[in-house]
Amino acid sequence: MSQVSPKKLKLMVVDDEPDNLDLLYRTFRRDFNVFRADGALSALDTLEQEGEMAVIISDQRMPVMNGTEFLSKTVDRFPDTIRILLTGYTDVEDLVDAINSGKVFKYITKPWNPEKLKETVQQASETYLVLKQRTNELSRALRREEILNVVTSTIRESLDYQNMLKTIVKTIGEKFQADQGILKPVEDNQLGSECFFYPALGPPEDNTEEAPPPPLSSEVENLLKTVLATQETQIEGRANREGGLHLAIPLTVQQQILAVLYLNQQNALIPWSEEDISLIQSVAEQAALAISQAKLYQRTQEQAEKMRAELAVARQIQHNLLRQSWGETKNVKVQASCYPAREVGGDFFEVYVHPQGDVWLAVGDVSGKGVPAALFMASAISILRRELSQEGSPEPDVVMRNLNQTMNEDLFSTNCFITMVLARYNPETRRLVYANAGHIYPMLWHHQSTIDQVAVNETVQPEYLTVRGVPVGILPIWKAKAGEMTLNSGDIFLLTSDGITEATIIPPLSQGVDSGNSNSSHNPMLGQEGLWQLILQEPQTFDLDSLLNRFRECTNQVQEDDQTILFLEVL
């Protein structure tokens, strides 16, 4: 069997003396593909036609253009070529110029020693091969990096799972000049029913419905099944033969196949090399990671949507827990409002008219926000209603003590507590009794007389009911005195949560609202003093909706905490 000899490197000899030119040709024609030129201009023409040479040997002293000048003209276009200069002179300036401008590998003086010249040219050719190999490796690495970056960035621009799959097959198909591409997802170690094609299937001409995807050939189907079974890349055929080259690659993450990519190349001018196939596999690895992230994102979105739906139901349930009506209240007007900062919250209020005629009012705030606070809020309302529905109307401090006894263990174990004001008003005697478990002080004022005093520029302050105990859930046994007073016609008793008083004032509007917090000049909180100033701007008929509208105009639109407010007005 005959062995195929390696391809000869190209060598150019340039000399204006025919004898030297023939001698050089005869010396190297067995080992190199030698091109001859009798001058610099002829040599440049040959380079234009034949392209890069491995080695150029040029005489220095030639008419029209010397060797140094000629070699310098080849540097930019053929940087890897090795250049050797022949000279019959030893002029230092010429040699320095040749080395600097012509990038000369070595210079040899005439007459030369044939064996030494052969040795020098052999070194030059070996140097050229090393340089060429490194240049090619660098070029391939840069191309690989460029394609990998382009494909990866394009793929990762989409987080939507379906769009991700379309983008993967389209981008890889385009970048690697495939004639056909198919991406088939894998679910539960089975090929899915969906297929994503390159080129993408266009809409039908009549614009009615999108054409169904064509069935896969048995050859392609079997190839995909083989990849799924072996979890290895499968290559069949050749690009320059009938049917072309078939390439099927598993897209795997942590030994789990997420999809199978099929590419076909037929009659390509530049068929895929082993390096190209290796690069496609590297891109497929990145694509697999992108698919994994897209699936995770899709699951996260689905779970988030499910959670939002569940929280919407929970919000409605919590809203329904708060009484929206409380029947007829004799000689009193009661209004209440509660807005959680999230879908659900820990604030609550209660209005209960006892069969004996007492009107019960409560505003509470569970520490924390969201679902945990909402669960404690629901428990507190349930226990509170059980306590208030006794045959005899109980005392507020007794109810608070029983609530603490029931919930203390659960609250303490989760580092939670409840602040709360519970009040009982008797319309017959106009007596108000309240218990305060670490909550904001209730406010009491006569609205009509307050408006009249403001009209004549008198300074008016509400009465803050300051009898207070510790929050529910702090101590095993809740103890505190109950506050008691008699209300008059026109008096208003107001309860709020800290989401109202700690709301941040919007700077442009804060000039008209004094929060009473002198230590906070940057985005101060409203405070009870600021709330009182808003109340003073109310008309003679006090209305909760009007007050809340004014409150929202001067506070941050991004709600930071649950906001609850309730008032009772004696008619």
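The values are calculated or read from the model by the stated rules, or taken from the named source; none is laboratory data. Because the structure is predicted, anything quoted here is derived from the model rather than measured. Every residue, glycine as well, gets a Cβ built from its backbone with ideal geometry; the counts of neighbours run over all protein chains shown. Note: areas computed on protein heavy atoms with side chains; ligands, DNA, RNA excluded. Shrake-Rupley method; radii C 1.70, N 1.55, O 1.52, S 1.80 Å.
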Worksheet, complete the sentence: When the range 75-89 is checked residue by residue, the ones that are surrounded by fewer than 20 Cβ atoms within 10 Å (Cβ to Cβ) and either not acidic (D, E) or not in a loop (DSSP other than H, G, I, E, B) (or both) are V75, R77, F78, P79, G88, Y89
Fill in: Single residue of the range 1-27 satisfying the filter (modelled with pLDDT of 90 or more and hydroxyl-bearing (S, T, Y)) that is nearest to E115 (Cα to Cα)
T27
Worksheet item: Identify, please: which residue in the range 120-131 is more than 13 Å from K10 (Cα to Cα) and open to solvent by 50 Å² or more (accessible area, probe 1.4 Å) and is, among those, nearest to the chain's Cα centre (by Cα)?
Response: L131
Fill in: Selection count where residues are among the β-branched types (V, I, T) and either open to solvent by less than 60 Å² (accessible area, probe 1.4 Å) or under 22 Å from P427 (Cα atoms) (or both), scope the range 466-489
4
Item to complete: Identify, by number, the condition in (1) farther than 23 Å from N136 by Cα; (2) in a loop (DSSP other than H, G, I, E, B); (3) at pLDDT below 90 that R30 doesn't meet.
Response: (3)
Worksheet item: Is it fair to say R134 is at pLDDT below 75, open to solvent by 80 Å² or more (accessible area, probe 1.4 Å) and either part of a strand (DSSP E or B) or farther than 27 Å from D15 by Cα (or both)?
Response: no
Worksheet item: Taking interchain pairs and intrachain pairs at least six residues apart, which have beta carbon atoms under 7 angstrom, with the first residue in the range 439-458 and closer than 22 Å to T486 by Cβ and the second open to solvent by 60 Å² or more (accessible area, probe 1.4 Å) and among the hydroxyl-bearing types (S, T, Y)?
Response: Y441/Y464; Y441/T466; M443/Y464
Worksheet item: free of Cβ contacts under 8 Å to residues at least 60 places away in the same chain and open to solvent by less than 10 Å² (accessible area, probe 1.4 Å): does that describe A312?
Response: no
Worksheet item: Does the range 107-116 include one or more residues that are open to solvent by 90 Å² or more (accessible area, probe 1.4 Å), under 21 Å from R83 (Cβ atoms) and not in a helix (DSSP H, G or I)?
Response: yes
Worksheet item: If you take the residues of the range 315-346 that are of a type in the set (D, E, K, R) and outside any helix (DSSP H, G or I), which of them is most open to solvent (accessible area, probe 1.4 Å)?
Response: E328
Practice prompt. Can you give me the number of residues within the range 151-201 that are open to solvent by 50 Å² or more (accessible area, probe 1.4 Å) and either on the phi < 0 side of the Ramachandran plot or free of Cβ contacts under 8 Å to residues at least 24 places away in the same chain (or both)?
Written response: 21
Worksheet, complete the sentence: Matching residues in the range 544-561 (at pLDDT 90 or above and either aromatic (F, W, Y) or part of a loop (DSSP other than H, G, I, E, B) (or both)) number 1
Practice prompt. Please find, within the range 205-239, the residue that is modelled with the highest pLDDT out of those that are touching a Pro at 6+ places or on another chain (Cβ under 6 Å) and either open to solvent by less than 40 Å² (accessible area, probe 1.4 Å) or on the phi < 0 side of the Ramachandran plot (or both).
Written response: V227
Worksheet item: For the range 404-433, how many residues meet the condition of being open to solvent by less than 30 Å² (accessible area, probe 1.4 Å) and more than 47 Å from the chain's Cα centre (by Cα)?
Response: 5
Fill in: The lone exception for M407 - which of (1) closer than 26 Å to K333 by Cβ; (2) out of contact with any strand residue (DSSP E or B) (no Cβ under 6 Å at 6 or more places or on another chain) it fails
(1)
Worksheet item: Which ones in the range 442-457 are open to solvent by 50 Å² or more (accessible area, probe 1.4 Å) and in a loop (DSSP other than H, G, I, E, B)?
Response: V456, N457
Item to complete: Within the range 45-64, work out how many residues are surrounded by fewer than 18 Cβ atoms within 10 Å (Cβ to Cβ) and farther than 20 Å from A124 by Cβ.
Response: 6
Worksheet item: L95 versus (1) modelled with pLDDT of 85 or more; (2) outside any loop (DSSP other than H, G, I, E, B): which is the lone unmet condition?
Response: (1)
Item to complete: Determine, yes or no, whether T419 is of a type in the set (S, T, Y), in contact with a strand residue (DSSP E or B) (Cβ under 7 Å, 6 or more places away or on another chain) and closer than 21 Å to K481 by Cα.
Response: yes
Item to complete: Return yes when S282 is touching a residue at least 12 places away in the same chain (Cβ under 8 Å), surrounded by 16 or more Cβ atoms within 10 Å (Cβ to Cβ) and not in a loop (DSSP other than H, G, I, E, B) and no when it is not.
Response: no
